[in-house]
Amino acid sequence: MQPRARTFRLGLLRSLALTGSLLALVASPLLSGPAPAQDGPARNAAVAIAADLASQGGTTKLVLTLSKPVEARAFVMERPDRAVIDLPEVNFQLGPEAGRKRDGVVASFRYGLFAPGRSRIVVDLAGPAVVEGIETATTRAGATLVTIPFRRVERDAFRKASVAGDPNPSAAKAPAPGEAADTRPLIVVDAGHGGIDPGAIAATGVYEKDIVFGFAQALVQRLEATGRYRIAMTRDRDVFVALSERVRIAREAKADLFVSIHADSISSAPQVKGATIYTGSEKATDGESARLAERENKADAAGGSDAGEGASDVADILQELTLRETRGFSAGFAGKLMGQLSPVMEMSTKPHREAGFRVLRSPDVPSVLVELGYLSSKSDLEKLLSEEWRTKVTGAMAKAIDLFFAGRATLSRPTAASPRKAASIAPVSP
Ligand SMILES: [Zn+2]
């Protein structure tokens, strides 16, 4: 009885903590699986060349300069206060400082590919505000200006707007009434770095972002082949995605497991090798883990996103409680992963460690980060580039995932699984 009660409480806390979230919105496009690998943004995507802010009275306008018109839809969310602008795929060619601009009610913003064919701008609000009347105009030179106005409102009005969810329900991809929701566990595979953030760089010039992306894709294919899971990737190509956005993708989709893939480098110690599985913790296992987390946490700065955001994700007591429970599941999965990986690959001297990685801060999604090996180690790098090695390791990971969910199914299915899914869809159904 004990485990069942625990699991149900986790589900309940998840629902509470995520009221007003967007499962239905993000689910379908994300879950359709990775798009075929591409070398960059879709060729016909609009190009964004500028994003400017201007305030007047209680209104702050975000003006995007684009190569062609796009349809923009906006909605606001609480905790933290933010506005989300959904766009068709946009090729953002903005300077690295673009998202750090602060003006009026706009504290900062992030942008990037959100799912195949969909881009998103997430605006962190300095206070409650609503988005009203997005306007599109064409300049004499032929560029498109999309103006997104954020108008300051009282907290009550903001709450009302955010609880109501998507103001453009036609964008929602909630299952039609009567259509059965897919209740298979949702696994979010997170390939580290991407786009303008290459991650670690091997002496040979190979980028971490490319190695981990290839691995993540192989893992996704492996898992999809089982038919037992829904899979989403935080990036499906070489694109920058902020760390907080990776966490948000997993949380808003109500993922059941988040697996982040990285490959570190210690150029000062080329003899150091092997894989390490990390789970989140405020207190790092050792200095080396703390330094690694610090390095990885700088990915947002590398991509021009606000690195200060994120800590508030776990600010309230409810989330703190949920986080504690979730970390138990994360550690359980890390144990299973270690059991499967150790026989097929070289592990580091301390194969399970903890550290304060920002991508491991979801209070409600069991999360692990796997450092596959060191790009600074010649033998690790060789393995990381080997197809045969990759097949072995993704197979072992898939096995660990099977074991994890087999264990959870017997504990949670009768109470938690279905009510949680049902509850999560209800608030956003139009
Ligand atoms: Zn990394």
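Determine, yes or no, whether SER289 is in contact (Cβ under 8 Å) with a residue 12 or more places away in the chain and open to solvent by 10 Å² or more (accessible area, probe 1.4 Å). No. The selection criterion, being more than 15 Å from the chain's Cα centre (by Cα), within 16 Å of the ligand (Cβ to nearest atom) and open to solvent by 10 Å² or more (accessible area, probe 1.4 Å), does not hold for ILE277. Entry remark, the stretch 179-209: residues being without any contact (Cβ under 8 Å) to a residue 40 or more places away in the chain, more than 12 Å from the ligand (Cβ to nearest atom) and either part of a strand (DSSP E or B) or of a type in the set (D, E, K, R) (or both) number 1 in total. Take the conditions modelled with pLDDT under 90 and either out of contact with any Pro (no Cβ under 7 Å at 6 or more places or on another chain) or charged (D, E, K, R) (or both) and apply them to ILE49. Does it pass? Considered against the rule, which asks whether it is modelled with pLDDT under 90 and either out of contact with any Pro (no Cβ under 7 Å at 6 or more places or on another chain) or charged (D, E, K, R) (or both), ILE49 comes out as no.
Listed by position, the strands (runs of 3 or more DSSP E) enclosed by the stretch 40-112 that each have at least 1 residues that are among the small types (Gly, Ala, Ser) are 46-56, 73-77, 82-88.
Check GLU288 against each of (1) at pLDDT below 90; (2) assigned to a loop (DSSP other than H, G, I, E, B); (3) within 16 Å of the ligand (Cβ to nearest atom); (4) not aromatic (Phe, Trp, Tyr) and name the one condition it does not meet. Only one criterion is unmet by GLU288, namely (2).
The values are calculated or read from the model by the stated rules, or taken from the named source; none is laboratory data. Please read these numbers as outputs of a predicted model, since none were measured by experiment. Note that each Cβ is placed from the backbone with ideal geometry, even for glycine, and that neighbours are counted across all protein chains shown. These accessible areas exclude ligands, DNA and RNA; they are computed on the full protein's heavy atoms, side chains included. Shrake-Rupley method; radii C 1.70, N 1.55, O 1.52, S 1.80 Å.
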